[in-house]
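The values are calculated or read from the model by the stated rules, or taken from the named source; none is laboratory data. As the structure is a computational prediction, the values presented were derived from the model and not from experiment. Don't worry about glycine lacking a Cβ; one is built from the backbone with ideal geometry, like all the others, and counts go over all protein chains shown. Side chains included, ligands, DNA and RNA excluded: accessible areas come from the protein's heavy atoms. Shrake-Rupley method; radii C 1.70, N 1.55, O 1.52, S 1.80 Å.
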Amino acid sequence: MTPREAILTGLVLSLLALQSLVLVILVFFPYLPDPGLAALNAQVYELLAPLSTVLLLGLLYAWLVRLGTREARRRWGWFNLFVRFISEPFLKVVSSIKTTSLSNAAKTLKILSHPRLTLAISLCVSTLLAFTPYRPDLNPTGSLVGIDSPLYLGWIGQMLARPLPQALQYSFVEGLEGSRPLLLVLLYSVASAGISPSQILEYVPMVLAPLLSLSTYVFVRYGHGSSSLAGLTAILSSVSFYTTVGLWGGYYANWLALVLVYLFLTSLLVFSRSPSKVKYGSTCALSVALLLTHPWTWVLITTVCLVFSITLWRETRNLVHLKSLTGIIATGIILDLVKSWGFATRSVAADIATKAPNSGVLLSFWNNLVDGLLFTHGELLANWLVLGLGLLGVLVLRFKDWFERLLLLWVGVPSIAFVLLGSYHQARIVYDLPIPVLTTIAVVSLLPRIGSRNVRWPGLVLLLLVFVSASYALQGVLLL
C-alpha cells in the first residue's frame, strides 16, 4: 500500500467508524446517550443543505449544458481548445467510463457480488424504517404519521359507511375528487375484512417501502441486465427520500405510483427490445393502474415514454415503438374521459390546467426552488450528497444505451416543466425522479476508477455511502 493509499484508506475507515456510531445511536434511540455525534451529523447536513439547490439544478439541466457545449465546440474553435484544456486531467477516467459497461464495473466491487442478499437487506431496512415512527416506545398512542393520513382515514371511513356500490362510486367521485380510486379501493377492501382503518394506514408504509425497493431492483435487473447493479439500487432506494418524504407527507398514492412506474418502465423496456402481445398487454395494464393511482405521475411518465419512443423510431425507423406508446396513452386518455364523464369529475387535463404557470412563476423561480427543497418537506429533499451523486450519474449516462437513454429522458423531460411550476409541484417532480438509480450509476461508474488509485479497498467507500444514507433516512424518520 502506498502512503497516499494508506492515508486515504485511514480517512475512509475513520469516517466509516464515525458513521457506524451515529447509526447505532440512532437505531437504539432513545436508549443510548448521544455524546454529540448524531447531533453533529445532523448539523453538518443542515449546514450543507443549501448546496442541494445548485446540485439539483445541475442534475436537471446537465443535458442542456451538454447540448450547449457541443454546439459551442462545433461553432468556435477557441471554445473547443478551452474544453480540451480543462478536461485534460480527467481524460483517462472519462475514457475508462466510456469503454467499460456498468455491469463490468459493478463486478469489480466484491461487496456487490451477492445481489439477492443486498435485495433481502434492502427489504428489511425499508420495512424497519417505515415501522420506526410507529414503534410503541416512540409512539405509545399510535398516532398516525403523515400530513395526508387523516384524509385517507376520512375517505376509508366514508366508504365503510356506505353499501359496496356506493363505496366504489365514492372512490371515483369524492375521495380526492376521484383522482386516486385504485388505492382507495384497495384500502377499502382490507378495511372491509374488519381491520381498523387507522391500523391499515399504520401498516401501509411497511408494505409500500419494501415494494418500492423491490420494484427498483426489478427495473435495473431486467431493464439493464445487471443483478449487482440492481442490488445496490434496492439498498439506496430503501434509505432514500422516497421513504422519508412519503412518511412525512402521507403520500401513499404517490408512493404506490412510484412502485408502478418502475414496473411500467421495466415492461416498456422489455417490450421495446422484443415486442409481443403479452408484453404489450402487461405494459398497458400497468399504465392504467398508474393512471388510476396518481394521474399527475402518469402524465409525467407517459410524456417521458413518448419522447423515448420517438427517439427509438428515429433510430430504428420501426414504428412499433411509437404506435404502441400512442395506443397506451390513448387508452389512458379515453379511460380518463369516460371516468370524468360517467362520474362527473374533473379530468386529468382539467386538473393539469389548474397548475398552468403564470408570469410570476418564472420571476420567482429561485425562491420556489429554495422553498421546494429546504422548506416544503421539512428539508428532507435537500440531501446534498445524494443529489450530487445523482448529478454525476447523469453526466456518465450514454444516450446510445436504451436503458440509460430512458433515465436521461426521465430527468430531462420533467426539467422543462420544472421551471414553470411552483415550489410544491417542483418538490413533487424531484420526488418522482429516479435518484437512487442515478446514485447507483455514479458510484459504480466512478468508484472502481478512483478507488484503484487512491483507496486500498474501494468497497469501504461504498459502505460509507450506504451508512451515511441510512443515517440521513433514520434521522429524518425519527423527527416525524
Note down the nm distance, to one decimal, between modelled labels 7 Å out along Cα→Cβ at Trp76 and at Leu13. 5.0 nm
Quick one: what does P(r) look like for the range 102-165 with 5 Å bins over all Cα pairs, in whole %? 3, 13, 11, 12, 12, 11, 10, 9, 8, 5, 3, 1
At 37 °C and a viscosity of 0.692 mPa s, what translational diffusion coefficient does Stokes-Einstein give for the range 304-346, taking Rh as the Kirkwood radius over Cα pairs? Give it in µm²/s as a whole number. 286 µm²/s
First measure r as the distance between the Cβ atoms of Asn104 and Thr2, then evaluate 1/(1 + (r/R0)^6) with R0 = 25 Å and state the FRET efficiency to the nearest 0.05. 0.50
Alpha carbon centroid spacing (whole Å) that separates the range 110-128 from the range 161-196: 35 Å
Provide Rg and Dmax in Å for the range 118-203, with only Cα atoms included in the calculation. 14.9, 45
Please give the calculated 222 nm ellipticity per residue for the chain, where each DSSP H segment of at least 4 residues contributes -39500 (n - 2.57) and the sum is spread over every residue; nearest 500 deg cm²/dmol? -25500 deg cm²/dmol
Hey, can you rank 237-247, 3-13, 120-130, 329-339 by average C-beta count inside 10 Å, highest first? 237-247, 120-130, 329-339, 3-13
Within the accessible area of the chain, what % is carbon and sulfur when the probe is 1.4 Å and the other protein chains stay in place? 69 percent
Kirkwood hydrodynamic radius of the range 253-326, from inverse mean 1/r over distinct Cα pairs, in Å: 12.3 Å
Per 0.36 nm of contour for each residue apart, how much would the distance between Arg135 and Val278 grow if the chain were fully extended, relative to their Cα-Cα spacing? 47.1 nm
Listed peptides 410-419, 142-151 by packing density, highest first (mean Cβ within 10 Å): 410-419, 142-151
Please compute the volume of the convex hull spanned by the alpha-carbon atoms of the range 1-81 and report it per residue in Å³. 181 Å³
What number results when the radius of gyration of the range 255-410, computed over Cα atoms, is divided by 2.2 N^0.38 Å? 1.19
Given 4 °C, 1.567 mPa s and a Kirkwood radius over Cα pairs, the Stokes-Einstein diffusion coefficient of the chain in µm²/s is 55 µm²/s
Semi-axes of the equivalent ellipsoid of the range 327-448: what are they in whole Å, largest first, if each equals the square root of 5 times a C-alpha gyration tensor eigenvalue? 30, 22, 12
Restricting things to alpha carbons, tell me how big the range 169-245 is in terms of Rg and Dmax, in Å. 16.1, 45
Send over a whole-number figure in Å² for the accessible area per residue of the chain, probe 1.4 Å. 45 Å²
